[in-house]
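The values are calculated or read from the model by the stated rules, or taken from the named source; none is laboratory data. Fair warning: this is a prediction, and the values are worked out from it, not measured in the lab. Counting neighbours? That spans all protein chains shown, and the Cβs are built from the backbone with ideal geometry, glycine included.
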Amino acid sequence: MPHVSHSPDSMFERVCQRFDEAARFAPDYPPGLLEQIKACNAVLHVQFPVRLPDGSIRVVEGYRAQHSHHRLPCKGGIRYSPNVTREEVMGLAALMTYKCAVVDVPFGGAKGGICLDSRHEPAEVVERATRRYTAELAAKNFIGPGIDVPAPDYGSGEREMAWIADTYRALNPTQLDAYACVTGKPLSLHGIQGRREATGLGVFYGLAEALDDPGEMRRLGLTTGIDGKRVIIQGFGNVGYHAAKFLREAGAVIVSVSTHEGAVLDPQGLDVEDVHRYVLETGSLRGYPAPQWYSDPAAALVEPCDILIPAAIEEQITADNAPRIQARIVAEAANDPTTPEAERILLGRGVFVIPDIYLNAGGVTVSYFEWLKNLSHVSFDRMSRRYQENANAKVIEAIEALTESRLSDEQRARLTRGPDEIDFVQAALADTMVQAYRAIYRTWRERGLPSLRTAAFLIAIEKVATDYLTLGIFP
Ligand code: GLU
């Protein structure tokens, strides 16, 4: 795991600080409403026994924080890490509430944690812990399609989500919507195409939209567009790898990627797929033949680039390294990677910071689509693909008749093709990221706010407050 130099505040306190900064600009609400929005509604702490391969028993700790119930279900991932704390999951759950509001995903925020190193523990231990944790959540009514829906986060993925879905279903054998109890599931177990790469692709769409603004890019001393931009990425897990992949495909030069073990750097640009293959094959980034290797991954953050993408964990950009960061744009793919003090330094130096609660919302956005698919028991393409193909064919026939020409079979097939599930998912994700960016940017500019983050928080606060007031759930 990358180094975390803990600031005096816990993650939950940091999120609250950011909330308070934005709340200064909020309209006058009834007394107590902002305090209620900010508070973490419920935290479950469980401890349970897990049998190890040698027959001994280990007591494993787990948490699930439900930050807000203004919309249901609550939604958010489960982090697997020996360092998980109560305050951390509370802070991450709060970020989920604001993130969902920013991208209009109709959920409250939640987050879970299991104190286990899922990368190094044997799979059977991770499986037993995951299934038992799910049973604990079920026993306390902390999981269910309309209650609280977990997803992957740091240290978890499709494998863990499959165990959760299977355990929940075994406990609720007659529940029609049981598979909607968790998202990020494998495709074979009612997952959705495009969920795996969703967060990284959302980062790409968000960055592409930001870089499309000639005025803002001029102010930063950059040209518009992704093409040719020099990018440093911290973290090469699911989010970091996919962000790197999509950016490179659009012409960006990926100067450096890193894992907890160290960073590789090539000023000419890394071959992202080659690095990825190497990491999959050897289980490590160490030894990859790049011109430079840093055993301290943080050292690469301050190398020359246009865009720095923290895509690992919290508190990576601090007051210590912020003055030396050379990027003109910091794009937060991780949750809470920049401390408030570091952000003040970056903003003072004219760096453009694209905040986590907007930029990494692609994951939960596609989770929302997966949940909808599970509830409707049909995939999005099934009801419309053939109809769309027929409609496209009619338009082509009409154009051919008018122009008295004929398309080749290959051209016709390309133009008539109806949408697959992945096409719907990617188009809806792109639209979500573009619309949300425009709303945040407009709010930032029109209301003269200190940062894009403040604008994103303010938008979230106003949406959640409106829900409380209009739904009559505020006494
Ligand atoms: N763990 C991801 C996040 O931090 C995804 C959450 C979800 O899909 O519910 O946004």
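Key figures
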{"read-out": "Residues of the stretch 346-358 classified as part of a helix (DSSP H, G or I) and touching a strand residue (DSSP E or B) at 6+ places or on another chain (Cβ under 9 Å), total", "value": "3"}
{"read-out": "Matching entry among Ala135, Ala94, Ala162 (being within 30 Å of Tyr437 (Cβ to Cβ), aliphatic (A, V, I, L, M), touching a helix residue (DSSP H, G or I) at 6+ places or on another chain (Cβ under 7 Å) and modelled with pLDDT of 95 or more)", "value": "Ala94"}
{"read-out": "Which listed residue, of Arg324, Arg344, Arg328, is in contact with an Asp or Glu (Cβ under 6 Å, 6 or more places away or on another chain) and surrounded by fewer than 23 Cβ atoms within 10 Å (Cβ to Cβ)", "value": "Arg328"}
{"read-out": "Any hit, the stretch 45-63, residues being over 30 Å from Ser284 (Cβ atoms), buried (at least 21 other Cβ atoms within 10 Å of the Cβ) and touching a residue at least 24 places away in the same chain (Cβ under 8 Å)", "value": "no"}
{"read-out": "Positions within the stretch 143-161 being within 21 Å of Ala334 (Cα to Cα) and buried (at least 20 other Cβ atoms within 10 Å of the Cβ), in sequence order", "value": "Val149, Pro150, Ala151, Pro152, Asp153, Tyr154, Gly155, Ser156, Glu160, Met161"}
{"read-out": "Odd one out for Ala456, checked against (1) more than 27 Å from the chain's Cα centre (by Cα); (2) surrounded by 15 or more Cβ atoms within 10 Å (Cβ to Cβ)", "value": "(1)"}
{"read-out": "Residue check, Ile226 farther than 21 Å from Leu452 by Cα, among the aliphatic types (A, V, I, L, M) and under 22 Å from the mean Cα position of the chain (by Cα)", "value": "no"}
{"read-out": "Verdict on Arg14 being touching a residue at least 12 places away in the same chain (Cβ under 8 Å), part of a strand (DSSP E or B) and within 16 Å of the ligand (Cβ to nearest atom)", "value": "no"}
{"read-out": "Evaluation of Arg349 against (1) surrounded by 24 or more Cβ atoms within 10 Å (Cβ to Cβ); (2) away from the ligand (no atom under 16 Å from the Cβ) (one fails), failing number", "value": "(1)"}
{"read-out": "Those residues of the stretch 135-157 which are farther than 9 Å from Val182 by Cβ, of a type in the set (Gly, Ala, Ser) and near the ligand (Cβ under 9 Å from one of its atoms), in sequence order", "value": "Ser156"}
{"read-out": "Residues (within 13 Å of the ligand (Cβ to nearest atom), buried (at least 23 other Cβ atoms within 10 Å of the Cβ) and more than 13 Å from the chain's Cα centre (by Cα)) located in the stretch 67-77", "value": "His67, Cys74"}
{"read-out": "Those residues of the stretch 187-200 which are assigned to a helix (DSSP H, G or I) and crowded, with 23+ Cβ neighbours inside 10 Å, in sequence order", "value": "Ala198, Thr199, Gly200"}
{"read-out": "Residue satisfying condition, being part of a loop (DSSP other than H, G, I, E, B) and within 16 Å of the ligand (Cβ to nearest atom), within set Glu370, Glu314", "value": "Glu314"}
{"read-out": "Identity of the residue in the stretch 171-185, part of a loop (DSSP other than H, G, I, E, B) and within 15 Å of the ligand (Cβ to nearest atom), that ends up surrounded by the fewest Cβ atoms within 10 Å (Cβ to Cβ)", "value": "Lys185"}
{"read-out": "Verdict on Thr130 being over 25 Å from Gly235 (Cα atoms), without any contact (Cβ under 8 Å) to a residue 60 or more places away in the chain and away from the ligand (no atom under 11 Å from the Cβ)", "value": "no"}
{"read-out": "Selected residue (only one of Ile422, Ile396 is away from the ligand (no atom under 16 Å from the Cβ), farther than 30 Å from Asp212 by Cβ, aliphatic (A, V, I, L, M) and in contact (Cβ under 8 Å) with a residue 12 or more places away in the chain)", "value": "Ile396"}
{"read-out": "Elements of type helices (runs of 4 or more DSSP H) in the stretch 381-475, at least 2 residues being farther than 30 Å from Val353 by Cβ and modelled with pLDDT of 95 or more", "value": "385-403, 409-416, 421-446"}
{"read-out": "Candidates Tyr63, Tyr98, Tyr80 - the one that is within 16 Å of Val182 (Cβ to Cβ) and more than 10 Å from the ligand (Cβ to nearest atom)", "value": "Tyr80"}
{"read-out": "Residue ranges of helices (runs of 4 or more DSSP H) in the stretch 201-306 with at least 2 members free of Cβ contacts under 8 Å to residues at least 40 places away in the same chain and buried (at least 18 other Cβ atoms within 10 Å of the Cβ)", "value": "272-282"}
{"read-out": "Residues of the stretch 97-128 classified as hydrophobic (A, V, I, L, M, F, W, C) and either modelled with pLDDT under 95 or in a helix (DSSP H, G or I) (or both), total", "value": "6"}
{"read-out": "Residue, nearest to the ligand (Cβ to nearest atom), within the stretch 84-95, restricted to residues that are assigned to a helix (DSSP H, G or I) and in contact with a Cys (Cβ under 8 Å, 6 or more places away or on another chain)", "value": "Ala93"}
{"read-out": "Test: residue in the stretch 158-167 that is in a loop (DSSP other than H, G, I, E, B), touching a residue at least 24 places away in the same chain (Cβ under 8 Å) and either more than 30 Å from Pro73 (Cα to Cα) or within 23 Å of the chain's Cα centre (by Cα) (or both)", "value": "no"}
{"read-out": "Given (1) within 13 Å of the ligand (Cβ to nearest atom); (2) without any contact (Cβ under 8 Å) to a residue 24 or more places away in the chain, number of the condition Pro106 does not satisfy", "value": "(2)"}
